[in-house]
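A.B. asks: Structure incoming, see below.
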Ligand SMILES: CC(C)(COP(=O)(O)OP(=O)(O)OC[C@H]1O[C@@H](n2cnc3c(N)ncnc32)[C@H](O)[C@@H]1OP(=O)(O)O)[C@@H](O)C(=O)NCCC(=O)NCCS
């Protein structure tokens with residue numbers, strides 16, 4: 001029996017990262033609908049709104065090929081609220097009907113509808129189960145519109161002023177996604193939203209990190225650092241610092257990432273336990289970090305299967321891990337993987353203003 005997809009309506013100011021959120025949701029398994037493209041389609045010759053728009057605005061909005069020239073139409077309605085309202089009264093119902101038909105036909109677990117006028121057009125409560133709103137600072141919006149579309153500050157300000165105020169959008173949202181951080185941080189927030197809704201996770205892809213993933217691994221690490229109480233990392237990393245860390249990893253080290261769609265959701269690394277001597281060449285130390293939203297879903301185990309095999313192939317026969325004594329989840333995770341407790345390092349780290357003990361665990365491959 002096909003089940004009805006969960007419908008997420010996605011809106012937000014221009015340049016606030018809607019499309020990035022949509023494409024992240026699509027990578028997790030959602031079907032994506034861009035209402036702007038649907039609007040193009042319904043206004044194309046033969047589309048449901050074509051005749052109505054031409055009847056309302058006259059043949060002068062047509063190009064030589066008989067299609068509606070959006071620039072000409074824009075010039076007619078821009079700065080004339082009554083004309084814009086007339087246009088939208090024709091296009092919005094057609095966009096709504098086309099979108100509704102796509103939702104009804106979808107077999108995906110979720111459909112995301114990105115629409116700049118989601119709230120104004122009345123889509124939000126009739127078609128959507130959820131409303132998500134993207135937000136960032138005005139300054140970032142302007143910078144992004146300049147960088148991505150070459151839009152002047154003046155033009156961007158004018159367009160932003162024509163939109164619903166961010167606070168008003170947020171007041172109608174089930175989830176506000178702050179897109180002010182790195183793209184990978186936004187992606188993690190999207191993943192958290194997906195997981196919170198109980199939507200199925202795609203199968204993880206486990207692969208070695210590349211420098212291009214540094215923003216993603218930093219986002220995961222930073223999220224764990226900000227949670228507090230889990231790691232002795234004690235600081236957050238910028239993508240540049242993370243890239244420097246990855247470049248400086250010693251030989252015979254591996255860092256594998258777990259991707260859910262295009263979201264770096266976790267990583268695991270091993271490094272030689274000691275590089276100043278060859279007597280411990282068989283020993284590697286490991287670490288594992290999974291984003292909070294997707295813990296207990298098997299990602300740590302999936303990573304370990306790959307990382308341990310890599311370590312064996314690289315000639316290691318023993319793994320060592322230290323875990324904070326106040327981190328029972330991680331202790332359970334490693335003992336579940338066969339690690340044996342072998343000691344306590346008292347007052348081993350000074351973190352968050354106090355000393356914490358670390359517990360030592362070891363695992364022999366044979
Ligand atoms: C520890 C960690 C790596 C486990 O990864 P994970 O993807 O959640 O683990 P998996 O889903 O593969 O395995 C789940 C196992 O982990 C342990 N575990 C994970 N979350 C747990 C929780 N909330 N409570 C108790 N045990 C938990 C359990 O042993 C569980 O086994 P079970 O399912 O049989 O009960 C992850 O919780 C994490 O990243 N924590 C924050 C960072 C950290 O503490 N890293 C360790 C320091 S190196």
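Only the coordinates and a few stated rules stand behind these numbers; no lab work does. Since the model is a prediction, treat every value here as computed from it, not as a measurement.
A.B. asks: Take every Cα pair under 8 Å in the chain that's 6+ residues apart, average their separations, divide by the length, and report that relative contact order as a whole percent.
C.D. replies: Computed over the chain, the figure is 16 percent.
A.B. asks: Which three numbers, in whole Å and largest first, are the semi-axes of the equivalent ellipsoid of the chain derived from its Cα gyration tensor as √(5λ)?
C.D. replies: 51, 21, 18
A.B. asks: Same structure again: Would you please calculate the Kirkwood hydrodynamic radius of the range 153-278 over all C-alpha pairs and express it in Å, rounded to one decimal?
C.D. replies: Taking every pair of different Cα atoms in the range 153-278, averaging 1/r and inverting gives 17.1 Å.
A.B. asks: Now for a different question. Mind running the shape call on the range 205-364? Use the C-alpha gyration tensor, a ≥ b ≥ c as the square roots of the eigenvalues: rounded below 1.5 for a/c, prolate if a/b tops b/c, oblate otherwise.
C.D. replies: Judged from the Cα gyration tensor, the range 205-364 comes out rounded (a/c under 1.5).
A.B. asks: Once you have a ≥ b ≥ c as the square roots of the Cα gyration tensor eigenvalues for the range 81-156, tell me rounded if a/c is under 1.5, and otherwise prolate or oblate according to whether a/b is larger than b/c.
C.D. replies: Oblate is the answer for the range 81-156, as a/c is 1.5 or above yet b/c matches or exceeds a/b.
A.B. asks: Sticking with this one: Top mean-square fluctuation among 227, 154, 329, Gaussian network model of the chain, C-alpha springs under 10 Å?
C.D. replies: Per the Cα network of the chain with a 10 Å cutoff, 154 tops the list.
A.B. asks: Then there's this: Specify the residue with the greatest mean-square fluctuation among 169, 280, 271, computed from a Gaussian network of the chain linking alpha-carbon atoms under 10 Å apart.
C.D. replies: Checking each option, the largest mean-square fluctuation is seen for 280.
A.B. asks: Per DSSP H run of n ≥ 4, the term is -39500 (n - 2.57); total these for the chain, divide by its residue number, and report the mean residue ellipticity at 222 nm rounded to 500 deg cm²/dmol.
C.D. replies: When only DSSP H runs of four or more count, the value is -12500 deg cm²/dmol.
A.B. asks: Using Cα-only point scatterers and the Debye equation, what is log10 of I(q)/I(0) for the range 6-196 at each q in 0.09, 0.12, 0.17 Å⁻¹, rounded to two decimals?
C.D. replies: Normalising to I(0) and taking log10 leaves -0.35, -0.62, -1.19.
A.B. asks: Please report, for the Cα atoms of the range 1-62, the Rg to one decimal and the Dmax as a whole number; what are they, in angstrom?
C.D. replies: 16.1, 50
A.B. asks: Stokes-Einstein D for the range 289-341 at 20 °C, 1.002 mPa s, Kirkwood Rh over Cα pairs, in µm²/s?
C.D. replies: Calculated translational D: 176 µm²/s.
A.B. asks: Here's a follow-up. Roughly how large, in nm² to one decimal, is the mean projection of the convex hull of the alpha-carbon atoms in the range 187-258?
C.D. replies: 5.8
A.B. asks: Still on this structure: Do me a favour and compute the ellipsoid semi-axes for the range 255-305 from its Cα gyration tensor, root of five times each eigenvalue, largest one first, whole Å.
C.D. replies: Equivalent-ellipsoid dimensions as semi-axes: 28, 10, 8 Å.
A.B. asks: Would you mind classifying the range 111-215 by shape? Square roots of the alpha carbon gyration tensor eigenvalues, ordered a ≥ b ≥ c; an a/c under 1.5 is rounded, otherwise it is prolate if a/b is larger than b/c and oblate if not.
C.D. replies: oblate
A.B. asks: What whole number of Å gives the distance from the Cα centroid of the range 22-86 to the Cα centroid of the range 278-295?
C.D. replies: 53
A.B. asks: Among 156, 83, 305, whose mean-square fluctuation peaks in a Gaussian network model of the chain (Cα, cutoff 10 Å)?
C.D. replies: Comparing 156, 83, 305 in a Gaussian network model of the chain, the most mobile one is 83.
A.B. asks: Output the Cα-based Rg and Dmax of the range 73-114 in Å, rounding Rg to one decimal and Dmax to a whole number.
C.D. replies: 14.3, 41
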